[in-house]
Each structure stands twice: as structure tokens, then as C-alpha cells.
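Down below is the structure, laid out as C-alpha cells.
The values are calculated or read from the model by the stated rules, or taken from the named source; none is laboratory data. Since the model is a prediction, treat every value here as computed from it, not as a measurement. Cβ coordinates were reconstructed from backbone atoms using ideal geometry, including for glycine residues, and neighbour counts include every protein chain displayed. For accessibility, only protein heavy atoms count, side chains too; no ligands or nucleic acids. Shrake-Rupley method; radii C 1.70, N 1.55, O 1.52, S 1.80 Å.
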Amino acid sequence: ALDLNEIASQRYMDYILAQPEVEYLPSVEDFDGETLRKANAGDHLAQFLMAIQCKEQGDLAGESDWFRKSAENGNIVAAFNHGITLSDPNEQLPWFYKAAFKGFHEAQREVGRILYEQGDSITAQKWFGLAIRRDNVMALNDMGVLHWHENNSTLAEYFWREAADLGDESAITNLEMASSTSLFD
């Protein structure tokens with residue numbers, strides 16, 4: 001929908017914003033002898049816990065595998081985390097999309113980042129915008145970078161100031177860098 005036209009894009013963004021927040025994080029109290037049994041039976045929260053357990057033990061392959069299994073069972077936070085465990089942006093993107101389409105702002109920002117790095121600044125801007133609407137401060141900084149590289153210093157400054165006001169160090173650095181080029185004071 002984001003790629004079709006402006007009307008479809010706006011309808012989809014409105015739909016995403018109207019989605020209720022869903023709890024995808026398991027309770028730490030669920031760590032018990034039943035976790036592995038539940039995880040093997042397909043419980044996405046138990047699979048998420050197994051991924052966390054593997055991460056804490058330094059088992060990166062196990063972490064990625066359990067996050068993938070949890071994501072395949074519909075856990076969007078696990079989908080995002082599985083994407084993070086992958087190194088190839090083209091492999092990450094489907095997992096980030098899975099979470100981003102359900103409104104997970106960190107995944108929306110990552111989709112925007114990857115698309116921007118791949119040269120699709122128009123669609124990246126839409127994804128950054130969705131993440132910003134869900135209060136993702138890093139997406140504010142990213143939006144500033146996008147506008148800076150498109151020679152729109154006014155919008156770049158706006159987004160960087162918004163992010164800097166919320167304490168984003170990268171945005172503060174970007175404002176300092178931009179002011180040294182005399183584009184704005």
C-alpha cells in the first residue's frame with residue numbers, strides 16, 4: 001500500500017496507527033522447567049524466552065533459531081529480534097516488515113533505514129514517519145539525515161532539533177556538523 005499511491009499510503013498509515021498495542025513480551029516469571037516443553041510445542045512466548053536464554057548463554061545460533069520460531073508463530077518482537085541477528089539487510093528486511101506492518105516502531109525505523117540505504121528515500125521517508133508517529137527518536141534523526149542528503153536543510157534541522165530535544169546524541173552531533181557548514185545557525 002505504501003508503494004501504490006498517496007491515498008492508499010495514507011489509508012495504510014492511518015490503519016497502522018489505529019492498531020492497538022499487543023503484548024508480545026513474555027513474563028520473566030515464565031522461566032521454569034516447562035519453558036522448553038512449551039517452546040517445542042509452538043508457544044511463541046516460550047520460544048521467545050528460549051531465545052533470551054540462549055542470548056544470555058552466548059548461543060547466537062540458538063538465539064536466532066528460537067527468535068525465528070517465535071516470529072513464525074506471530075510474535076512481532078521476536079521477528080524484529082530475529083532480523084537483528086542477521087547480517088544481510090536483504091535477509092533482515094522480511095523479518096522487519098513482519099513486525100513493522102503490525103506497528104512495531106523499531107522495525108518501522110529499520111525498514112526505513114534499509115530502504116534508504118538501498119536508495120529508496122521516498123518509501124524510507126514513509127516508514128520513518130510511521131516510526132516517528134510511534135515516538136521513535138532515532139527515526140527523527142534518520143529523517144533529518146534523509147532530508148539533509150536531499151539538500152533540504154530546513155527540514156533536516158527541524159527533525160534533528162526534535163530528536164536533540166529528546167536527548168538523541170546523534171541528532172546533536174548532526175546539528176553541530178550542519179551549523180559548521182553555515183546552512184543554519
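General observations
- Evaluation of K38 against (1) modelled with pLDDT of 85 or more; (2) not in a helix (DSSP H, G or I) (one fails), failing number: (2)
- Entirely in the range 47-147, the helices (runs of 4 or more DSSP H) that have 1 or more residues that are open to solvent by less than 50 Å² (accessible area, probe 1.4 Å) and of a type in the set (F, W, Y): 60-72, 76-85, 89-100, 121-133
- When the residues of the range 18-35 are filtered to those that are among the acidic types (D, E) and more than 27 Å from A100 (Cβ to Cβ), the one that is modelled with the highest pLDDT is E34.
- The single residue among N151, N174 that is without any contact (Cβ under 8 Å) to a residue 60 or more places away in the chain, part of a loop (DSSP other than H, G, I, E, B), open to solvent by 20 Å² or more (accessible area, probe 1.4 Å) and more than 26 Å from R11 (Cα to Cα) turns out to be N151.
- The one condition from (1) more than 19 Å from L93 (Cβ to Cβ); (2) touching a residue at least 40 places away in the same chain (Cβ under 8 Å) that N141 does not meet is (2).
- Check on L2, buried (at least 17 other Cβ atoms within 10 Å of the Cβ), under 25 Å from H105 (Cβ atoms) and at pLDDT 80 or above: no
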